[in-house]
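First comes the structure, then the notes that go with it.
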Amino acid sequence: MSRWKEADAPGRNGAGLDAGQDAGTRFVTAIPGKRITLVSMGRGPGDPRAMYKEARFLASLGYQVTYICNAASGPMVTDDHVHVDTLNMPTSRLARQMHGPSIVLREALRSRPDVVHVFDPALIGPALRLGRRYGVKVVLDLAEDNAKQILQKSYLGAMAVRKLGSHIYRRMSQSWLPQADLVIAATPSIAESLPAGCQHVIVRNFPAITEIDSVPPLASAASKSSTPVLRVVYVGGISPIRGIRELILATGMLQGAVELHLAGPVYDDRFLGELESMTAWQYCHYHGWLDWQGSIALVKTCDVGACVLQAAPNHVESLPVKVFEYMACGRGSIISSFPLWRRLFVGAALFVDPTNPTSIAQLMEQLLAKPALLRRLSERGRLLAEQSYSWESEAQRLASGYAGLWTVTRR
């Protein structure tokens, strides 16, 4: 396995992000014709990171790119430069974890890859074994701190069980991750959690400004009210830990002056039933699951974004994709008052205790009373997105990481 000079230092700048590319590192170009196969058991054809950012960008560099994904996770996507291969995966989580790796990696071998690039934690061990057996380079893409993420998965059972699972994963990853040819970390905190010896690059999941600008507003998202209201939008998973209940309660306190638009997958039908039984639900509009373009179109139709995640271990150090997308759409935000988020989004968001619906309602009321404030937040957010938080600013990191699989960079 070839090794390359680590391009990202663990230090951080004033914005709370890593210090960026080492000043002495020289970028190297891609090697056209190399075959790259991106693989996921859970992500769908239109996945924003895997397909629209990484696969398309790697193809633009001259690589031959195949993206293997879950057919059930969204509508089919066609692309002139990326071959999209959708597979029918087991529907149950347990069956997918047990049988999914062999299904997708067997399909990956058919593309005769030089590199297999995997996203799911369950694919890490099998992909490394495949790499050793067939001489394929392995890239591991860590969009989450998986050890912390396990603690949030209520379907795994009691917290004691989740803590045991998290501990086991962390111990195994200490052995696995250094074996990869490259680890792609989506945040500086994920990079800092990697064991010694990992060759890694930080590629943050910022939105592609050009892609967002090409999406028109969602014309069908008509307001339920006949009078002007503040339209608040949340796109993402619908679950308690994401503060959905608190958002709905806050909306109800304004008695029709605010309308809440929700879009995203429901992880527990009982929770959705609970939300629908709330009195405040009359001021909410649930759009169901939308693909990426649909969610961006919805955001552009509304006035302000919301992201009031609860203070779970994997949330407080996260880089929330939805907030960056709100900013790229030219929308201000109401978000959780985590220290990192207060540094990242200063001037583009209002910060709140995510457990306090009354405080959330007060911020909504403030934006209703001060249109100029809403306009300043929106303008500042768009400016930050253009200058600092765009995929266009991150793509070279991915290019450098991949080029380093075959070429050692020097100072």
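The values are calculated or read from the model by the stated rules, or taken from the named source; none is laboratory data. Keep in mind that this is a model prediction, so the values were computed, not measured. Cβ sites come from the backbone with ideal geometry, for glycine too, and all protein chains shown count toward neighbours. These area figures cover heavy atoms from the full protein model, side chains too; ligands, DNA and RNA do not enter into them. Shrake-Rupley method; radii C 1.70, N 1.55, O 1.52, S 1.80 Å.
Brief remarks on what is shown
- Of the residues making up the stretch 86-116, those that are hydroxyl-bearing (Ser, Thr, Tyr), over 22 Å from Arg133 (Cα atoms) and loosely packed, with under 15 Cβ neighbours inside 10 Å are Thr91, Ser92.
- Residues in the stretch 270-292 that are of a type in the set (S, T, N, Q) and at pLDDT below 95: there are none.
- Taking the criterion of being more than 18 Å from Pro357 (Cβ to Cβ) and either touching a Lys or Arg at 6+ places or on another chain (Cβ under 7 Å) or open to solvent by 30 Å² or more (accessible area, probe 1.4 Å) (or both), the residues of the stretch 302-320 that qualify are Cys302, Asp303, Pro313, Asn314, Val316, Glu317, Leu319.
- Residues in the stretch 55-85 that are open to solvent by 20 Å² or more (accessible area, probe 1.4 Å) and either part of a helix (DSSP H, G or I) or among the charged types (D, E, K, R) (or both): Arg56, Phe57, Ser60, Ala71, Ala72, Ser73, Asp79, Asp80, Asp85.
- In the stretch 127-137 there is no residue that is at pLDDT below 80 and of a type outside the set (S, T, N, Q).
- Cβ-Cβ under 8 Å pairs, at least 6 apart or on other chains, the stretch 277-299 side assigned to a loop (DSSP other than H, G, I, E, B), far side of a type in the set (Val, Ile, Thr) and open to solvent by less than 10 Å² (accessible area, probe 1.4 Å): Met278/Ile248
- Pick from the stretch 117-126, criterion open to solvent by 10 Å² or more (accessible area, probe 1.4 Å) and part of a helix (DSSP H, G or I), ranking: modelled with the highest pLDDT: Pro126
- Across the stretch 31-54, the number of residues qualifying as modelled with pLDDT under 95, surrounded by fewer than 21 Cβ atoms within 10 Å (Cβ to Cβ) and within 22 Å of Arg112 (Cβ to Cβ) comes to 4.
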